[in-house]
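Readers should treat all values here as calculations from the given coordinates under stated rules, not as data from a laboratory. These figures come from a predicted structure and were not determined experimentally. Positions of Cβ are backbone-derived with ideal geometry, glycine not excepted, and every protein chain shown enters the neighbour counts.
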Amino acid sequence: MTTGEATKTRSAAVIDGIKSSTWSSRIAVALTAFLLVMLLVRAVQEPALFTSQLLIGLTNGAILSLIALGYTLVYGIIELINFAHGDNFMIGSFVGLTVLSGTIFGLGLFAPITINSGAPLRILGVLIALFVAMAACGLLNVGIERVAYKPLRNAPRLAVLITAIGMSFILQNVGLVWKGPIQVPFPELISSANILPSDAIIFRWKDLFVVLVTVPLLVALSYFIGSTKQGKAMRAVAQDKDAAAMVGINVNRTISITFLLGGILAGASGVMYGLFNGITIFNVGFTQGLYAFTAAVLGGIGNLTGAVVGGLLIGVISAMSDQYIGTSWTPIVIFSVLILVLVFRPRGLLGDRSAVQGGGE
Amino acid sequence: MERLRKFALPAILIVVAFLFPPINAFLESTVDVNLMYPAIIVAVYVMLALGLNIVVGFAGLLDLGFVAFYALGAYVVGWLASSHFRQVSISFGSTATSLTGGELPGIHLSFWLILIIAGAFTGLCGMIIGAPTLRLRGDYLAIVTLGFGEIIPRFFQNAGDLWGFNLTNGTIGIKAIDSPGFPFLPESMIAWQRFGTLDLNPWYYTILVLVLITVYVNIRLRDSKLGRAWISVREDETAAAAMGINPVTTKLWAYAMGAVFGGLAGAYYGAFIKNIFPTSFSFNISILILCMVILGGMGSIYGVILGAVALQGLNFYLLPQLNEWVHAMGDAVGSPALSGLDLPKYNFFLFGIILVLMMLLRPEGIIPNRQRAEELHDEDATTGDAMSGRARA
């Protein structure tokens, strides 16, 4: 009896929910459902191609989630869209490339690590490149915060955003001076050979590498934020800066650590992007940064799980769009997702966890 | 003194602007410097900056995608004054004539009519884009405008083949756009009958008149009821709403007015440059225009004009000049790195620094608008997340 009643009330609640929904949300749901059905049809038609594309999307999405986490961490704590974050990611890929080349400022430290190096050397090279890029980007991010954002802590929010845009252009031009205006190739250190025995579904060593780097980083981050004292302080500052300061939390240091974490993730992501795609360019941070920001908004800005989910979703959406709509339309698709989410669901899919909730008033 | 400031300075500036072509001709004959082309481009940017000033300066909305309206204006002129749509043949008051004497393919309307259409079209687009988005918080709005600013040029790039229909000719762009002109004028005024590439004076006077109209509209809007509504929404949206101002409509007007001037400038630019490509309308242009507004002073009309002139001067004159000096220095000390340096390529490095330094040191700009300066330095303000008042902590 009781279970029956429970189901009845639940179904009634669902019906009430549908009745009270707005037309825009109904249209949004219908449109999403339509697109999903179209995708399913494609999936049934060519399951192998679809699965391969899905895997590529998830791997690219994992790289994006790491950048998205940087946006979401910073937004969660000081409500700033750190526009320079994407360019920090670009600097990360350049640092990684420089480490792998073995030559820093014209000073040859060791022979470049290339595809011909032995397997242990290649693994060591990749690990060092990752580590150096993470450290460099983390410190760079902290430095940017100190120089450009900290003096504006009490300034209008859009003034800080403009400063962030300025920093983004400065970093982009540093990249331009560093590696020039053309695409720079990354050494092909990780095999593009398929792991899976069948030829139909493709999952390469490269994809595995991305998973192997991303998952430990995510676990470490969630441990840091969830279980350490400093992580607790970060959550407290994100909730209420004044109250956090009152209970003895060093707010400025906590903000610096947030930027450090974001930068570390961006650095790792930059090196992985280079190794995964084989190229990098001085303005890669602009589009990748916007994609990642879209991911953060899609998941719910300030929400760490949301950033990862959003990143994976954006990765899959862009892979599907590459396959079924056309590569040149992908940016338009992603930016449309960004606009639609901001307009119709500014809280994101999993909910906004930043101090100022929601997009509208 | 106040009277002098109010009337004498603008009068002198206008007279100098109108006398610029003879001055330039004199300069060309004596020191061989022709500033006509840079002057026209500077004027286009003055117009764009004044358009953005309505959005950023008056209404306090950060628009990072202003280039979208510039691009739309340029494409309107491309569609309505070239042989792009070969399927049809429509001519009305255009300067374009068929070489073979047969029917001229494509749409060829009078440039003056197109200007009005472009302004109306971009204004409408501004309203369509703004209506659903202007409810958003300031920083989200900035990102949405950035999204539109990215989508529109990319759409033009891809729209060479929309289910078989060639809307924009893709990356090749629209070529051979008709020149503006007054075809009804007598043969003796050939330069004005059809604006040519040799005599730039008609081009100059056209953009000068457009700029003056923009300045006039800017001043009138600032001092109007709508202008005061913009200021109040910028300072405190909640209080403004409590006083009976509809914030969304008020912002929408600002956005649409800015779009109109962006579109007009784009239409003029398209006709002047004659060939338009989607790649000329990048995010960098949006930032360049924003940089002009911020350097000069948000909300200050003199300031914005100064900002546009200064930054384009930097682009056209100072950076190439500096480049030559650096090259000469590089040759002198025998450093190939210095003599091969291409400074103008790094102009956005400078713009980035300008944005950061202005925000850190003098957010109100070089020639500040007094009210704006007070808002930007008021640390005790409790509300508002437009570019005034304190961020909600």
| message | Using only the alpha carbons of the protein assembly as shown, what is the convex hull's orientation-averaged projected area in square nanometres? | response | 42.3
| task | Can you check what the Kirkwood hydrodynamic radius comes to for segment B:1-101, Cα pairs only, in Å to one decimal? | result | 18.1
| query | What does the charge count near A:GLY180 come to, summing +1 for each Lys or Arg and -1 for each Asp or Glu among other residues with Cβ under 11 Å from its Cβ? | reply | +1
| note | Averaged over residues of A:317-323, the number of beta carbons from other chains lying within 10 Å of each residue's Cβ is 0
| request: Once you have all Cα-Cα distances for segment B:51-130, histogram them in 5 Å bins from zero and send the whole-percent values. | output: 3, 14, 21, 18, 14, 10, 8, 6, 4, 1, 1
| note | When B:SER94, A:SER101 are arranged by how many other beta-carbons sit within 10 Å of their Cβ, fewest first, they go A:SER101, B:SER94
| said: How shielded is B:342-348 by partner chains, expressed as the average number of their Cβ atoms within 10 Å of its Cβ atoms? | reply: 3
| message | Running a GNM on chain B with Cα contacts under 10 Å, which residue among B:GLN321, B:GLN157, B:GLN87 ends up with the highest mean-square fluctuation? | response | B:GLN87
| field | All aspartates and glutamates inside 12 Å of B:LYS274 as judged from Cα atoms, apart from same-chain residues fewer than 8 positions distant | value | B:ASP178
| task | With a/c under 1.5 counting as rounded, go ahead and sort segment A:17-164 into rounded, prolate or oblate using the C-alpha gyration tensor (a ≥ b ≥ c being the square roots of the eigenvalues; past the cut-off, prolate if a/b is larger than b/c, else oblate). | result | oblate
| query | For segment B:36-282, with equal point scatterers placed on the C-alpha atoms only and solvent neglected, what are the log10 I(q)/I(0) values from the Debye formula at q = 0.07, 0.11 1/Å, to two decimals? | reply | -0.26, -0.61
| message | Rounded to whole Å, give me the distance from the Cα center of segment B:238-289 to that of segment A:35-81. | response | 33
| remark: From fewest to most C-beta neighbours within 10 Å, the residues B:CYS125, A:CYS137 line up as B:CYS125, A:CYS137
| Going by how many other Cβ atoms sit within 10 Å of their own, how do B:VAL55, B:VAL326, B:VAL16 line up, fewest first? | B:VAL16, B:VAL326, B:VAL55
| note | For peptide B:60-71, the mean count of other chain Cβ atoms within 10 Å per residue Cβ is 1
| query | Taking the convex hull of the alpha carbon atoms in chain A, what volume per residue do you get, in Å³? | reply | 188
